[in-house]
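Peer 1: Sharing a structure here in structure tokens format.
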Amino acid sequence: QVQLVESGGGLVQAGGSLRLSCAASGSIFSINAMGWYRQAPGKQRDLVAVITNGGSTNYLDSVKGRFTISRTNAKNTVTLQMNSLKPEDTAVYYCHADAVALTTLRRSDYWGQGTQVTVSS
């Protein structure tokens, strides 16, 4: 299995910054894309940013220019730097990995436990 452990998050005023980190561990054969999703109360879970193992990135339109995703392949970590935060960014943020575990040798989706980001106005 693959475990994802998130850190960061918290409460910040509008215009502030936060940094989320996620480390993958366990019986990892390979990790393809890693990314961050978010889910606000009563809403669906949306993709915020994703980065492939080749370094290609994709962002939710509303965060382009404010959020930056980066990845350290050797350490199986992914980071989301969030600047110019807005109240509408408030949500639970989940780390995601498209990975292959040694135990299954099949691509599967893996999720972190989620971390709360609250932006006050």
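The values are calculated or read from the model by the stated rules, or taken from the named source; none is laboratory data. All figures in this text were calculated on a predicted structure; none of them were measured in a lab. Virtual Cβ from ideal backbone geometry, glycine too; neighbours counted across all protein chains shown. SASA here: full protein model, heavy atoms, side chains in, ligands and nucleic acids out. Shrake-Rupley method; radii C 1.70, N 1.55, O 1.52, S 1.80 Å.
Peer 1: Under Stokes-Einstein, with the Kirkwood radius over Cα pairs standing in for Rh, what whole-number D in µm²/s applies to region 32-83 at 20 °C and 1.002 mPa s?
Peer 2: Stokes-Einstein gives a translational diffusion coefficient of 186 µm²/s.
Peer 1: In region 1-106, what percent of the accessible surface is made up of carbon and sulfur (1.4 Å probe, ligands and nucleic acids excluded)?
Peer 2: It is 49 percent, rounded to a whole number.
Peer 1: I want to check the label-to-label distance for Gln44 and Val5. Put each point 7 Å from Cα in the C-beta direction and report it in nm to one decimal.
Peer 2: That separation, rounded to one decimal, is 3.3 nm.
Peer 1: Hey, with R₀ at 30 Å, roughly what FRET efficiency would Ser17 and Asn73 work out to, going by the Cβ-Cβ distance, to 0.05?
Peer 2: 0.75
Peer 1: Same structure, new question: Any idea what the relative contact order of the chain is, in percent, if you count C-alpha pairs under 8 Å spaced at least 6 apart?
Peer 2: Relative contact order here is 37 percent.
Peer 1: Lysines within cross-link reach of Lys43: Cα-Cα under 26 Å, excluding same-chain residues under 8 positions apart?
Peer 2: The qualifying lysines are Lys64, Lys86.
Peer 1: Between Lys64 and Asp109, what FRET efficiency follows from the Cβ-Cβ distance if R0 is 35 Å, with the result rounded to 0.05?
Peer 2: Rounded to the nearest 0.05, the efficiency is 0.90.
Peer 1: How big is the gap, in Å, between the Cα center of region 17-61 and the Cα center of region 105-121?
Peer 2: 7 Å
Peer 1: Per residue, how many Å² of accessible area does region 46-104 show with a 1.4 Å probe?
Peer 2: Per-residue accessible area for region 46-104 comes out at 46 Å².
Peer 1: Provide the convex hull volume over Cα atoms per residue for the chain, in Å³.
Peer 2: Values: hull volume 11.1 nm³, N = 121.
About 92 Å³ per residue, rounded to a whole number.
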